[in-house]
1. Tell me which aspartates and glutamates have Cα within less than 17 Å of LYS150's Cα, excluding those fewer than 8 residues away on the same chain?
2. Please list, in order along the range 93-106, the HN-Hα scalar couplings obtained from phi with the Karplus expression 6.51 cos²θ - 1.76 cosθ + 1.60 (θ = phi - 60°), rounded to whole Hz, x for Gly and Pro.
3. Assuming 0.36 nm per residue, please report the length gained on full extension of the stretch GLU299 to THR68 beyond their Cα-Cα distance.
4. So which trypsin sites (Lys or Arg not before Pro) in the range 276-307 end up in coil per DSSP with only 13 or fewer other C-beta atoms within 10 Å?
5. When a footprinting reagent is the concern and you count Cβ atoms within 10 Å, what order do HIS202, HIS321 take, fewest first?
6. Along Cα→Cβ, 7 Å out, is where each label goes; now give me the distance between the ones at ILE360 and GLN386 in nm to one decimal.
7. Give the order of ILE47, ILE395 when sorted by the count of other beta carbons within 10 angstrom, beginning with the fewest.
8. Within the range 384-406, what residues put their amide N at less than 12 Å from the label point 7 Å along the Cα-to-Cβ vector of ASN81?
Amino acid sequence: MKKLLFSILCASPSLLFAQGSQVNTQGVRALGMAGAGSALFTDETSIFYNPGGLAKMDHNAVSAGISTVMYRSAFKESGSNQVYNTRSQVTPPFSVFATFGPDNARWKAGLGVYTPYGGAVDWGDSWPGKYELNHLKLRAIYIQPTISYKLTDNLSVGAGFVYNIGMVDLARSLPLFLPDGSSASAKLTGTGTGIGYNVGAHYNFDNNVAISLSYRSKVVTKLKKGDADFTVPDAVAASFPDTKFSAELPLPASLNLGISVPVSDKVDVVADGTFIQYNIYKKLVFDYADNTPLLQDTEQIKNYKNAFSGKIGVNYKASEHLAVRAGVGYVKTPVDKDHVYAETPDNDRIMGALGLSYAINDKFSLHAAYVLQKLKERTVVSPATQIEGAYKTNIHAPSISFTYKW
């Protein structure tokens, strides 16, 4: 029993900021094309997509948006016909962007508050992997002041400073039983911070073809004095003291190239390719303030690989007030089959999106989008529990935002 407890604790907690936790809902107009559009849209959401495009705005604006990301995953253990589904969970990533600058100036300033990483998954405490995970909630909130400058009428550049506030809430069962027959459990919660930057350049050719190049740096979130709380039988309580822990959670850098091509007065075709540097995530180390023979500092190997995503979309100006969009995308997973965990049982995925914008008047506009992501089914052996089984996952993300400009 001691060997089993120790091996499970060495594998826990494992917090994965993989594709499953990456939230790409910052700009609802781009979201309607599966996340493409960094070269087409030079508006307040350029604070996130490409700070270089911000200076090309001919107005100021404030926008606020919210999404309801619904993560749906199913697990079937090898040799069994029983399917276990995650409980209904809704993650509400939000974004707020605002721009400031005088009329006809060559510069523009802005501030963005958005959630590029986050997620919620709840497997409950009666599925085969309960000793790996019961539930996980995590969120990374970026605060980004930004400045952009137009070097020429065609070329503009920009940069933003990123301050991240990361939060995590994780629970899992332990192979011990309480007097009422329920499983013992471990719960870890905490908040950490990190810093980074976002830079970009935007160029318009004379034929209105546009290209966008941007780079978002890694952000190493340092979580200190998190709470590790254990609910265990009294007989072993001394081996599982409620204590503090610290860890570092690396959020990867990314390089994005986008292009926008007008094929008519009403239709634009856009494409974005993103190289994501997940290889910074080599291992995850947890340092507990109080150690016992069963509660030791842990080191878990991750060995993530760099990944790529490609997206293409179409923007159609149906009328003076209405624009409609569609897009598709493909995302390569950074997680190999030997490092798949229940938090984000990640795999290569395809996505499809639809969206629209409606100008209510000269000041107000409404934007809406829906994205479906389908992950390729994957059969793996859990590194934490050695249980073999297949994961099948879909992610639904309807989003809406409002913009006021002046």
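A short reminder: the numbers here are calculations on the coordinates, not readings from a lab. Predicted model only: the values in this text are computed from it and were never measured. Here the Cβ is made from the backbone with ideal geometry for all residues, glycine too, and neighbour counts use every protein chain on show.
1. Leaving aside aspartates and glutamates fewer than 8 places away in the same chain, those within reach of LYS150 are ASP43, GLU44, ASP58, ASP103, ASP206.
2. Ordered by residue, 3J(HN,Hα) equals x, 10, 8, 9, 10, 9, 10, 9, x, x, 4, 6, 7, 8 Hz.
3. Result: 79.8 nm gained on full extension.
4. LYS282
5. Neighbour counts put them in this order, fewest first: HIS321, HIS202.
6. 6.0
7. ILE395, ILE47
8. Answer for the range 384-406: none.
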